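To start, the structure itself, in structure tokens.
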């Protein structure tokens, strides 16, 4: 089979373009921007004729509607109850793709309506697209619809994998959606960045599925619950209703004068500074949030900024505006008010005040009071002795519980810590600094060992 894999490093997801052998292609779990799928198809002299979603995605806006506008037929499990034209497939129902056949397999668990797709050539199984059910070395989490549904969905997931997917041939290629790198949709980290696997490999090596019984599987799965981005709560319904279609023409960022940005900030608009953290630290709009433009940008934007709030951006001259817009749109952020024309140079020329942030090297922060804003699992694996811990996603709401006085924030490299410092700064916090690097850099410089375990 000729199956192209398109990886979103920032979300840790993969989607696929399948050559159907007759000049047409099937896209599986495409993200919102149709460009990569059209390019992948064109590279193989194919036309995207079908697009299939395995479930109502929590972490990204589906691109199936955009591909539909370009002529593709949308396929989905019938239990998704999509509110736009599509072909709903019941459990076991087959769709003729023009020689090859796609069979829907109801595999609830990650979500109630989850459907895997078995690709067949006659009676021969070619591949199975497992979306958010069976992952390489893991399974998808079942708590994204709320804690009260986590256990029933975990039990459904166990039966979906053991009774349905594990009944397929051991050598069958498995193409999951989640797990192409770090993802908040997996119950535990997957094996590497290549999400592809086989049924036989997961039978013999998947730690969750080596559990002796359903109760053990459920206990192990639910013990791994971690936090996840705030925007996850909104996208299922966006994908059910169908998002706005841009037809491959994403909106651009309009230029805004410095005075207009200051006015909008006062009216409640979020000002997001996406420049490298060193540039933000050297001078930024007071009250702006720093979220450096990088593959993980969308995740942190959706975690710390409410999705219904208009946003204005501050960029460096060299940064890719279209990449910024694509990352916003893929998580449903559409109230893009524009960008500060001329960047910080224009702000300074307008005579407006700016704020600065101290960045410190590990040798300059040996005796600091550290605030570690990494995820809980990162902190528990190894952290600076006596460090305070609050995940970045919870920092704004937990700020009042922090001890008063100067703080040196850190993460693994510096980007998340600068976001955290900008959140505290706009609350009036003084004496903030950010450690450049992470705990291991500090440990080497300070000559002190990191410690494992939960916060004291």
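The values are calculated or read from the model by the stated rules, or taken from the named source; none is laboratory data. This is a predicted model, so every value here is computed, not measured. As a convention, Cβ positions derive from the backbone with ideal geometry for all residues, glycine included, and neighbour counts pool all protein chains shown.
Observations on the structure shown:
- Some residue of region 194-210 being in a loop (DSSP other than H, G, I, E, B) and within 18 Å of the chain's Cα centre (by Cα): yes
- Test for residue 420: is it in contact with a strand residue (DSSP E or B) (Cβ under 8 Å, 6 or more places away or on another chain) and buried (at least 17 other Cβ atoms within 10 Å of the Cβ): yes
- Residue match in region 165-177 (condition: under 26 Å from residue 302 (Cβ atoms), surrounded by fewer than 17 Cβ atoms within 10 Å (Cβ to Cβ) and either under 26 Å from the mean Cα position of the chain (by Cα) or not assigned by TED's automatic domain parsing to the domain that holds residue 296 (or both)): no
- Given (1) part of a helix (DSSP H, G or I); (2) modelled with pLDDT under 95; (3) in contact with a helix residue (DSSP H, G or I) (Cβ under 6 Å, 6 or more places away or on another chain), number of the condition residue 377 does not satisfy: (3)
- Residue in region 146-162 that is in contact (Cβ under 8 Å) with a residue 24 or more places away in the chain, in the same structural domain as residue 8 (by TED's automatic domain parsing) and in a loop (DSSP other than H, G, I, E, B) present: no
- Restricting attention to region 247-256 and to residues that are modelled with pLDDT of 90 or more and surrounded by 15 or more Cβ atoms within 10 Å (Cβ to Cβ), the residue that is farthest from residue 286 (Cα to Cα) turns out to be 253.
- Restricting 80, 76 to residues that are surrounded by 19 or more Cβ atoms within 10 Å (Cβ to Cβ), at pLDDT 95 or above and touching a strand residue (DSSP E or B) at 6+ places or on another chain (Cβ under 6 Å) narrows the list to 76.
- Number of the exception - residue 346 against (1) out of contact with any helix residue (DSSP H, G or I) (no Cβ under 9 Å at 6 or more places or on another chain); (2) more than 18 Å from residue 423 (Cβ to Cβ): (1)
- Yes/no for residue 235 being at negative phi, within 23 Å of the chain's Cα centre (by Cα), surrounded by 17 or more Cβ atoms within 10 Å (Cβ to Cβ) and part of a helix (DSSP H, G or I): yes
- Single residue of region 110-128 satisfying the filter (in contact (Cβ under 8 Å) with a residue 60 or more places away in the chain and farther than 19 Å from residue 25 by Cα) that is surrounded by the most Cβ atoms within 10 Å (Cβ to Cβ): 110
- One residue from 249, 262 being assigned to a helix (DSSP H, G or I) and not assigned by TED's automatic domain parsing to the domain that holds residue 423: 262
- Selection of region 315-331 for residues being touching a strand residue (DSSP E or B) at 6+ places or on another chain (Cβ under 8 Å) and closer than 13 Å to residue 251 by Cβ yields 321, 324, 325, 328.
- Of the numbered criteria (1) part of a loop (DSSP other than H, G, I, E, B); (2) out of contact with any strand residue (DSSP E or B) (no Cβ under 6 Å at 6 or more places or on another chain), the one residue 190 fails is (2).
- Any chance residue 373 is closer than 23 Å to residue 284 by Cβ, in contact (Cβ under 8 Å) with a residue 60 or more places away in the chain and within 24 Å of the chain's Cα centre (by Cα): no
- Residue in region 346-361 that is surrounded by 14 or more Cβ atoms within 10 Å (Cβ to Cβ), assigned to a helix (DSSP H, G or I) and at pLDDT below 95 present: no
- Some residue of region 178-185 being crowded, with 23+ Cβ neighbours inside 10 Å, outside any loop (DSSP other than H, G, I, E, B) and more than 14 Å from the chain's Cα centre (by Cα): no
- Of the residues examined, residue 107 is not one that is without any contact (Cβ under 8 Å) to a residue 40 or more places away in the chain, in the same structural domain as residue 145 (by TED's automatic domain parsing), surrounded by 23 or more Cβ atoms within 10 Å (Cβ to Cβ) and within 16 Å of residue 119 (Cα to Cα).
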